[in-house]
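The values are calculated or read from the model by the stated rules, or taken from the named source; none is laboratory data. Bear in mind the structure is a predicted one, so any value in this text is a computation, not a measurement. Backbone-built Cβ (ideal geometry, glycine too); neighbour counts: all protein chains shown. Heavy atoms of the whole protein, side chains included, go into the accessibility calculation; ligands, DNA and RNA do not. Shrake-Rupley method; radii C 1.70, N 1.55, O 1.52, S 1.80 Å.
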Amino acid sequence: RRSGQYTMNHDHSKKIPDGALFDRSGSQDSLDELSMDDYWKELENIHETRGNNHEERVALVVKEPDEGELEEEWLKEAGLSNLFGESSGDSLESMVFLSTLTRTQKAAVEKRVETVTQTMRKKNKQHQIPDVRDIFRLQNDSKGKVCDGSEPSTVRTSENKNETRDGTKGPKFSLGTDEQKSLIEDMPSSDTDINLEISFAEQAANLKDSSAGKMCKGGGSDTLLPNFRLPKDKTGTTKIGDLAPQDMKKVYSLALIELTALYDILGTEFKQQKAVKIKTKDSGLFGVPLSLLLEQDQKKVPGTKIPLIFQKLIAQIEETTLETEGLLRIPGVATRVKGLCQELEAKFYEGTFNWENVKQHDAASLLKLFIRELPQPLLTVEYLKAFQDVQNLPMRKQQLQALNLLVILLPEANRDTLKVLLEFLQRVIDHRDKNKMTLKNVAMVMAPNLFTFHGFGSKTIEQSEFVMAAGTANVMRFMIQYQKLLWTIPKFIVNQVRKQNTESQKKEKKDKAMKKLLKKMAYDREKHDKQDKTPNDTDVPQGVIRVQAPHLSKVSMAIQLTEELKAGDIVARFLSQKSGNVQTLKKEEVFLYEIGGNIGERCLDDDTYMKDLYQLNPNAEWVIKPKQS
């Protein structure tokens, strides 16, 4: 064994403790020694490159927050800043929002409001400081039961304060009409369904309350990851990118609260880190903030969502062949990589860089260097620690649920770049018979590039690097293996957004102060209705929807809803009506959208059963159009 020879720390030459690689605990069970070797070797290569290259690097300082500061920041991020401070009176919107939360989500909010309130009292700020119980009491009185919406999949929770979780009168959960089995039966098996209909934190709370929760720990000694899958949802699967920005904002707030609630239930601390601003390069390729790089690239290629250099490096690696043995594991020659790096900085945008000189292993090293050199980690300063902490959650299913929420929380540029990276890594793994790079090997080699972030200096990450190694490699494995699931927005969150939209609309109508606005709205609506009736000829009969397709030759059609009719069938029906004078669009270029009613806008997957969706959102309009990039 060569376990003792790799340097551990950027600053000191620490040795790995003797025999430490054999210390198999928890998440290490499933990783063999050879692949752990890959991890340490990769770390050594990284330190070597850094030594040659970046002595002048400024470390990114992570700010230690004052008491209550984290919670205040959290409430702002969750869109609930008007529960405290000067604007605490103006919380109509927050009341609507809170009324749609599950029991565990409310507990997470309550906990943070309580901390902020106490801190403010200590500091004796002259704000109106609401009592956290009043906030929730107010909202409960107006609501009656929380989350007892007409959607069958909403979690129903009991609001009586005297009913406890361990008592017989504890909260009742309805899994919807078609799934009346208890949550406890929903245990991981070799082919495991991920339940997206019920809040992840509620599922965790239920498992915790039952002895069944103890049966299945996260690490496990099996090398194979479970075959997690999403059960088919008749109202359609919602992917990131399918919703309009105003609804995505709500999804973000809910995902933050849900993740916090999940970590609270499972006893893992959830802390968003805050970076102190440091001076970064404002042009170039390596070491430039992602947002700035994209701004620069969009001038060259309008609409691009992935940095051009990142795309080009991946293309360069794939051009040779993905069958090269040790791809991603074998480093390029350090001096050559440094030279290429400088040459790319000078010539990439001019288009004078000669790619023929770039060897495949050098291109792979440049790709990893690009990720490491980002001034803030690809997984962001805020959430890097939360991504690492996924390894501490007890069950694999919960680890996957946490990753799903974390991906939703990433800024768009980071998320899009991560997606392209994970898809590329999967393609490398698809050639494992030839290149000898299995899921485990690729995860081992990539984990140090995404997780050991240079900017944090030695304190945050370096000391615990050894403990973290196997854990972060496991998180990396999960991200590659389950990437298709991670870009899904859970149905319970989409339903909470629908409920918020419905409640907001109701509240608006009721508010007396808005009478004037209502008059105007009524007038507009009348005008709008009159306009609407013209193209529709007559009112659409029951069980029929009118679908508009302004980009196609057939611009409008009344469609009879049947049990089996899917979104894809409607698009196909429109596309079959060809006419010579309109540019023909292909099947994969246009989608059916659900617009208005209780959602802003949602792009439907082809397998959405239209009758089921129509029942969920009867006031929507239906439009076929190309997807906005």
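One line per residue, one yes/no per condition, for (1) touching a strand residue (DSSP E or B) at 6+ places or on another chain (Cβ under 8 Å); (2) in the same structural domain as ASN441 (by the TED database); (3) over 18 Å from PHE451 (Cα atoms); (4) part of a helix (DSSP H, G or I):
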residue	(1), (2), (3), (4)
LYS299	no, yes, yes, yes
PRO302	no, yes, yes, no
ILE314	no, yes, yes, yes
GLU323	no, yes, yes, no
ARG329	no, yes, no, no
CYS341	no, yes, yes, yes
LYS368	no, yes, no, yes
ILE371	no, yes, no, yes
GLU382	yes, yes, no, yes
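Out of VAL337, VAL333, one residue alone is surrounded by 21 or more Cβ atoms within 10 Å (Cβ to Cβ) and over 29 Å from VAL390 (Cβ atoms). It is VAL337. Quick check: anything in the stretch 283-295 open to solvent by 20 Å² or more (accessible area, probe 1.4 Å) and at pLDDT below 90? Taking every residue of the stretch 283-295 in turn, at least one turns out to be open to solvent by 20 Å² or more (accessible area, probe 1.4 Å) and at pLDDT below 90. With respect to (1) farther than 26 Å from ALA473 by Cβ; (2) touching a helix residue (DSSP H, G or I) at 6+ places or on another chain (Cβ under 9 Å), the lone exception for GLU295 is condition (2).
Determine the pairs where a residue that is among the polar types (S, T, N, Q), located within the stretch 269-283, has a partner that is surrounded by 14 or more Cβ atoms within 10 Å (Cβ to Cβ) and at pLDDT below 75 with Cβ atoms under 7 Å apart, the partner being 6 or more residues away or on another chain. So the pair list comes out as GLN273/VAL62.
Of all residues being of a type in the set (Lys, Arg) and over 23 Å from LYS385 (Cβ atoms) in the stretch 395-442, which is least open to solvent (accessible area, probe 1.4 Å)? Just the residue, please. Step by step, filter the stretch 395-442, then rank; the result is LYS440.
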